[in-house]
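Following: one structure in structure tokens, then a few remarks.
The values are calculated or read from the model by the stated rules, or taken from the named source; none is laboratory data. These numbers come from a predicted model, not from an experiment. Positions of Cβ are generated from backbone atoms using ideal geometry, with glycine treated the same way; all protein chains shown enter the neighbour counts. Calculation scope for accessible area: heavy atoms of the full protein, side chains included, ligands and nucleic acids excluded. Shrake-Rupley method; radii C 1.70, N 1.55, O 1.52, S 1.80 Å.
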Amino acid sequence: MHIERFFVSGLAHASYVVASGLEAVVVDPERNVDGYLAYLAKNGLKLRYIFLTHPHADFVAGHTELSARSGAPILLSEAAPATFPHGDLKDGDRFTVGSLEIEIITTPGHSPDSICLCLFESGAPVALLSGDTLFAGDVGRPDLRDLEAGTRELAAMLYDSLFHKLLRLPPEVRVYPAHGAGSLCGRQISSAPFTTIGEEVAANWALQLNDRARFVEAMVANLPECPPYFARSVAINLRGAPFLSDRPKVARLQLSEFKMLEQKGATILDVRSPALFGQAHAAGSVNIGVANPSFSVWSGFFVNPDLPIALVVEDEEQAQRAQLELARIGFDDIAGFLVAENLQQTLRITQLGVRDLLAASDADGLQRPIILDVRSAQEYCQDRLEGTVNIPLPSLLRRIGEFSRNTPLTVVCASGYRSSIAASLLESEGFTRLSNVLGGVF
């Protein structure tokens, strides 16, 4: 048996090709399926099955395209209301792939339709593909499908799935989760590519809560905010996404076309670095730099997928990268891109160095700006500048009324990336006395 891990860093999404002999399965494929097909072809493998551990919320999967291009059937829980052609899975179902046996374990909790795949060699369990039920250092959050089942109800299901099923596996069984550090599907996920049942029993914070009531209370407390696109992704995954290979490359826009899109209310998404954005950008544009691994996550918070998106880029390569990263969360309506040097009537946001931060003031020198820290509450509690105001970036637009539009604001974060997003959002809401701290402070 061989397990090959495929990882999308921005979404911290892990998918797998599991091979035995000349046969293989793919588990939780990302939307761009070319990598799986190339790997299968290179190694002379026949794809037998495509498994979904659940209809994911944080990314759009490529199961329907992979099935169409390989001929392999898609399998997922019988509890999932999927409308694409598929086979239903129930607890205890078994499949043979080469000399490997795969047993389905139904594990509702993160979602009502979560499953795990237990791999057996010579009759003994050796590995668990745990989806979003069990991570290295964490467990799946129970609030992402709470329109179908209550968060507390899902948390109770998660307790049963973990303590009555997964933790009864031998401690040496390796665990391969669907996410690593940085994913919003958990809270304290480790960056380790795999773990074991024994390691998680010993060190996973959630698994120390072996009382059901305490576990449920911990699962529903202090949940991180999730982007509004999550529910939309579940719906796309249940019906199957349009094939990525059918989509044309993002088109270059003429300035007149770009202006027309502006007038019609399209989202202007500037994917350049904070420094370049600060120097010159289109009015009303949002700066989310595509070079950062978190581009797709922050786009999911602040870009409306129901409106056309016009990209502002340094070059065509940057536009193509942005198109792929947006497609991974199901944002397909990309109207085109404009190279930034062709912009006219641009605005500026002052960019400060760390040394300038505390001395920053507006032009008349009479009013020191408010320093707005947009890091998470946890980051802010660990280390902060005195006298600053903390509004975590996901909450910014809801709390924007706390400041008047003529308030001078200097925005900071750990690197200058989130603060540039915040500054662009504030500017688009009518704030004019803004500065951003490049490189961050902490």
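Note the count of lysine pairs whose C-alpha atoms are less than 29 angstrom apart in the chain, limited to pairs 8 or more residues apart or on different chains.
5
Give me the one-decimal nm value for the distance between modelled label points at A283 and R384, 7 Å along each residue's Cα-to-Cβ direction.
The two pseudo-label positions are separated by 3.5 nm.
Does region 234-277 come out rounded, prolate or oblate, given a ≥ b ≥ c as the square roots of the eigenvalues of its C-alpha gyration tensor, rounded meaning a/c under 1.5 and, failing that, prolate meaning a/b above b/c?
prolate
Taking Rh as the Kirkwood radius computed over C-alpha pairs, what is the Stokes-Einstein D of the chain at 20 °C in a medium of viscosity 1.002 mPa s, expressed in µm² per second?
Rounded to a whole number, D works out at 92 µm²/s.
With a bin width of 5 angstrom, please list the P(r) values of region 158-263 as percents of all Cα-Cα pairs, from the 0 bin to the one holding the largest distance.
Final binned percentages: 2, 9, 12, 15, 14, 13, 10, 6, 5, 4, 4, 4, 1.
When the accessible area of region 1-153 is computed with all protein chains present and a 1.4 Å probe, what percentage of it is carbon and sulfur?
That share works out to 50 percent.
Which of V27, V250, V389 moves most in a GNM of the chain, Cα contacts under 10 Å?
Of the options given, V389 has the highest mean-square fluctuation.
Restricting to bridges with both residues inside the chain, how much of the DSSP beta-bridge set is antiparallel, in percent to the nearest 5?
50 percent
Tell me which of F120, A181, I349 sits at the most positive position along the dipole axis of the chain, charges placed on C-beta atoms (Lys, Arg +1; Asp, Glu -1).
Of the listed residues, the answer is I349.
In debye, nearest 20, what is the charge dipole magnitude of the chain about its Cα centre with +1 on Lys and Arg Cβ and -1 on Asp and Glu Cβ, if you could check?
Rounded to the nearest 20 debye, it is 340 debye.
Of I371, N292, F194, which is farthest on the positive side of the dipole of the chain, counting Cα position, with +1 on Lys and Arg Cβ, -1 on Asp and Glu Cβ, and the Cα centre as origin?
I371
When the helix-only estimate is applied to the chain (DSSP H runs of n ≥ 4, each -39,500 (n - 2.57), divided by the residue count), what is the mean residue ellipticity at 222 nm, nearest 500 deg cm²/dmol?
That calculation yields -7000 deg cm²/dmol at 222 nm.
Pull out the extension gain between R168 and R321, defined as 0.36 nm times the separation in residues minus the alpha carbon to alpha carbon distance; nm, one decimal.
Difference between extended and current length: 50.7 nm.
Using modelled backbone amide H atoms (1.01 Å from N, in-plane), which distant-in-sequence or interchain residues come within less than 5 Å of N436's amide H?
T350, Q351, L352, V411
Output needed: percent of Cα pairs per 5 Å distance bin for region 139-215, bins running from 0 to the one holding the longest distance.
3, 15, 23, 27, 21, 10, 2, 0
Where a ≥ b ≥ c are the square roots of the eigenvalues of the C-alpha gyration tensor, would you call region 68-128 rounded, which needs a/c under 1.5, or, failing that, prolate if a/b is larger than b/c, or oblate?
oblate
Report in % the part of the accessible area of region 239-282 that belongs to carbon and sulfur, leaving out ligands and nucleic acids; probe 1.4 Å.
53 percent
Could you give the accessible area per residue of the chain, probe 1.4 Å, as a whole number in Å²?
Result: 41 Å² of accessible area for each residue.
Rounded, prolate or oblate: pick one for region 66-173, where a ≥ b ≥ c are the square roots of the eigenvalues of its C-alpha gyration tensor, a/c under 1.5 means rounded, and failing that, prolate if a/b is larger than b/c, else oblate.
In terms of gyration-tensor shape, oblate.
Quick check on packing: order 268-274, 242-248 by the mean number of other C-beta atoms within 10 Å, highest mean leading.
268-274, 242-248
Could you give the length gained by full extension between K264 and A202, i.e. 0.36 nm per residue of separation minus their alpha carbon distance, to one decimal place?
16.7 nm
Take every DSSP beta bridge with both residues inside region 322-440 and express the antiparallel ones as a percent of the total, to the nearest 5.
Antiparallel: roughly 0 percent of the beta bridges in region 322-440.
What FRET efficiency comes out for the pair R239/S9, r = Cβ-Cβ distance, R0 = 30 Å, nearest 0.05?
E(calc), rounded to 0.05, equals 0.65.
I need to check one value: relative contact order of the chain, counting alpha carbon pairs closer than 8 Å and at least 6 residues apart, in percent.
For the chain, the relative contact order is 12 percent.
Quick one: length gained pulling E148 to L255 fully straight, 0.36 nm per residue minus the C-alpha distance?
Length gained between E148 and L255: 34.0 nm.
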